[in-house]
Each structure stands twice: as structure tokens, then as C-alpha cells.
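*Asks:* This is the structure I want to talk about, given as C-alpha cells.
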Amino acid sequence: MPENQARVVAAAMQKGGVGKTTSIINLARAAAVKGLKTLVVDLDPQANTTDALSVETLSPTSVSIADTIVPEGAISIEDVIVDTIWDRTWLAPVTNENTLITAQNRIGAAQHGREYRLREALAPVIADFDLILIDNAPALGYLLVNALAAHDDEQVLVVMEADRWSTQGLALLRDTVEQVRSYNNKSLAWSGVLISKWRGTSDERDKLGDIAGHFPDAEVWASAEDTSKVVPLWNKIKTEINAGVGLDESKDARLRVLAGEVYGWAIDRIMARSEVTL
């Protein structure tokens with residue numbers, strides 16, 4: 001990857017409620033703490049990332065990421081990016097759920113270049129950031145394909161729980177990633193598998209082995225023997241996000257440790273990552 005281009009990471013999972021958006025927000029904060037200029041792209045119509053990071057509530061009629069990816073769109077991403085509640089972190093927001101859904105439909109109806117609308121939108125700013133994090137909805141579709149084809153040497157970060165349903169979702173995601181790699185982005189690589197909402201049960205520990213066994217090419221950042229890199233199921237994590245507080249700033253010492261030893265570690269891993277074959 002050229003040194004003057006951002007590292008691009010798409011967070012994905014075909015199951016909702018696994019902590020993906022929470023992880024994107026905390027990774028963005030960890031990157032900022034490390035001095036990395038970071039752009040967060042919100043491709044989830046629910047707009048939870050936008051709500052958490054926006055300095056103020058954005059008008060539903062404001063320009064958004066949807067305006068930059070529609071066919072023949074005349075809006076540049078430079079006109080969409082806004083400041084966030086944290087230094088060194090910027091946001092390409094969702095301002096209206098319907099506009100992003102409509103954008104996906106219009107992309108699907110286009111005859112040419114459907115998979116590369118986000119790549120084209122990001123091109124003017126790809127050298128302006130150290131890291132670009134893309135949050136995605138838990139669904140298949142052209143928005144996810146665009147996220148996975150956004151840049152050469154891109155990484156896919158899987159965020160999942162250690163349970164049967166998330167494992168099934170990982171299988172679906174793997175199929176999608178393989179299709180995108182075959183036809184749209186040959187250098188697409190796994191970043192890793194971040195286990196979230198960890199309760200520490202014996203069933204979860206058993207499932208870690210199953211995940212690693214079924215997907216040896218997607219590095220799982222935890223094992224039954226070492227769970228130091230999991231994200232625990234702590235309600236205080238979401239409380240701090242809702243308050244606009246970085247975990248590193250929390251009064252709870254456990255969250256400060258989590259900020260550095262899990263999310264900070266993950267950022268180091270992502271930034272140092274070379275291509276891993278799928």
C-alpha cells in the first residue's frame with residue numbers, strides 16, 4: 001500500500017446487535033489517541049455511528065454519504081465530511097435513513113460501476129487520512145459490496161459474539177467477501193475477528209475453538225486459553241459512548257484498560273497489517 005494513502009477497514013457482520021458500531025466508535029477513538037487522522041464512514045441506515053460522533057444533530061436534509069455514492073451524484077465527499085466530538089476524527093455521516101436506502105436501490109439499478117461508487121467517492125480524500133473506518137449494516141447488498149471494494153489492500157474486520165448465530169453470520173460474510181475478492185477487489189484481506197459482548201461462559205470458550213477451526217484464514221483475536229483481547233459485555237461501555245466519553249477518559253479503570261489493551265492493540269494490528277490471503 002502506498003505510504004501516502006489511508007489504511008481502509010470495513011467492519012462487517014451479517015448478524016445485527018453484535019457490537020459492531022460500538023467497536024467502530026471505540027476504534028476511532030483509539031486511533032485518535034494514537035494521533036492518527038481518521039475518517040469514519042457511516043454506511044448503516046440506522047445512523048448510530050453518526051448520532052454518537054456528531055458534534056450536533058444533523059438536519060435530515062443535510063448532504064450525506066448517500067449523496068456521494070448515487071450514480072451521477074454531483075456532491076463531493078469533501079462537502080459531506082464533518083467534524084466530530086473528538087480531535088483527529090472526522091465523519092461522513094448518514095443524515096436520513098431513507099436517502100441511504102434509496103442510494104442503494106439506485107446503485108443496484110445502474111448498468112455500470114455499481115460496486116465502485118464508494119471507491120470513487122473516497123478517491124479525492126484517500127491521501128488525507130491515516131485510517132478510514134467503514135461501518136456497515138448487518139445486511140447483504142450493494143452498500144456492503146461497495147464498502148468491501150472501497151480501496152486496494154483493504155481489510156475486513158469481523159465483529160461478532162461467540163455464539164452459534166454469529167458463527168452462521170460469519171459463514172455468510174465469508175461467502176460475500178470471497179465473491180468481492182474474486183470479482184471486485186482482489187487484494188481484500190481479513191484484518192481479524194474481534195469477539196464482543198463476552199460473558200466468559202464455557203459455551204463461549206468452546207465456540208472460540210469452533211470459529212478458529214472453521215475459519216483458519218480469519219485470525220480470531222481470542223482463544224479459550226487467552227481472552228485478553230475480547231470486549232466484555234459491560235453496560236458501561238455504551239453509557240460512555242452515549243455520553244460522548246472516550247473509554248480512555250472513563251472514570252472506570254476497567255474501561256481505560258480496555259481502551260488501550262483491546263482497541264488500542266487492534267489499531268496497532270490494523271496499521272501494521274500486511275495483506276493476508278483469504
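The values are calculated or read from the model by the stated rules, or taken from the named source; none is laboratory data. Please read all numbers here as calculations on a predicted model, not as lab measurements. So basically every Cβ, Gly included, is an ideal-geometry build from the backbone, and we count neighbours across all protein chains shown.
*Asks:* Can you tell me which residue among Lys37, Lys15 is under 30 Å from Lys236 (Cα atoms), among the basic types (Lys, Arg) and modelled with pLDDT under 95? Give the steps one after another, and end with the answer.
*Replies:* Values: Lys37 fails: modelled with pLDDT under 95.
One residue alone meets the criteria, Lys15.
*Asks:* Also, I was wondering about something else. Please verify whether Glu120 is charged (D, E, K, R), surrounded by fewer than 23 Cβ atoms within 10 Å (Cβ to Cβ) and at pLDDT below 90, treating the condition exactly as stated.
*Replies:* On the way: charged (D, E, K, R): yes; surrounded by fewer than 23 Cβ atoms within 10 Å (Cβ to Cβ): yes; at pLDDT below 90: no.
When the stated conditions are applied, Glu120 does not pass them.
*Asks:* Let me ask another. Which numbered condition in (1) in contact with a strand residue (DSSP E or B) (Cβ under 6 Å, 6 or more places away or on another chain); (2) assigned to a helix (DSSP H, G or I); (3) of a type in the set (A, V, I, L, M, F, W, C) is the only one that Val40 fails?
*Replies:* That leaves (2) as the condition not met.
*Asks:* Looking only at helices (runs of 4 or more DSSP H) that fall completely inside segment 181-278, which ones have 1 or more residues that are surrounded by fewer than 17 Cβ atoms within 10 Å (Cβ to Cβ), acidic (Asp, Glu) and modelled with pLDDT under 95?
*Replies:* Output list reads 202-214.
*Asks:* Of the residues Asp83, Asp51, which single one is within 17 Å of the chain's Cα centre (by Cα) and either surrounded by fewer than 23 Cβ atoms within 10 Å (Cβ to Cβ) or without any contact (Cβ under 8 Å) to a residue 24 or more places away in the chain (or both)?
*Replies:* Result: Asp51 is the single residue among Asp83, Asp51 that is within 17 Å of the chain's Cα centre (by Cα) and either surrounded by fewer than 23 Cβ atoms within 10 Å (Cβ to Cβ) or without any contact (Cβ under 8 Å) to a residue 24 or more places away in the chain (or both).
*Asks:* I would also like to ask the following. Taking segment 213-238 on its own, how many of its residues are more than 22 Å from Gly192 (Cβ to Cβ) and under 20 Å from the mean Cα position of the chain (by Cα)?
*Replies:* Of the residues in segment 213-238, 1 are more than 22 Å from Gly192 (Cβ to Cβ) and under 20 Å from the mean Cα position of the chain (by Cα).
*Asks:* What's the total number of residues in segment 129-155 that are surrounded by fewer than 22 Cβ atoms within 10 Å (Cβ to Cβ) and of a type in the set (D, E, K, R)?
*Replies:* Residues in segment 129-155 being surrounded by fewer than 22 Cβ atoms within 10 Å (Cβ to Cβ) and of a type in the set (D, E, K, R): 3 in total.
*Asks:* Another question, then. Within 19 Å of the chain's Cα centre (by Cα), aromatic (Phe, Trp, Tyr) and either part of a helix (DSSP H, G or I) or surrounded by 18 or more Cβ atoms within 10 Å (Cβ to Cβ) (or both) - does that describe any residue in segment 156-177?
*Replies:* no
*Asks:* Give segment 115-152 a look and list any residue that's of a type outside the set (D, E, K, R), in a loop (DSSP other than H, G, I, E, B) and out of contact with any Asp or Glu (no Cβ under 6 Å at 6 or more places or on another chain), or say none.
*Replies:* Answer for segment 115-152, where residues must be of a type outside the set (D, E, K, R), in a loop (DSSP other than H, G, I, E, B) and out of contact with any Asp or Glu (no Cβ under 6 Å at 6 or more places or on another chain): Ile126, Ala127, Phe129, Pro138, Ala139, Leu140, Gly141, Ala150, His151.
*Asks:* Continuing with this model, one more query. Where the second residue is surrounded by 13 or more Cβ atoms within 10 Å (Cβ to Cβ) and acidic (Asp, Glu) and the first is within 18 Å of Arg29 (Cβ to Cβ) and lies in segment 219-238, which pairs have Cβ atoms under 7 Å and are six or more apart or on separate chains?
*Replies:* As it stands, the answer is Lys236/Asp252, since those pairs meet every condition given.
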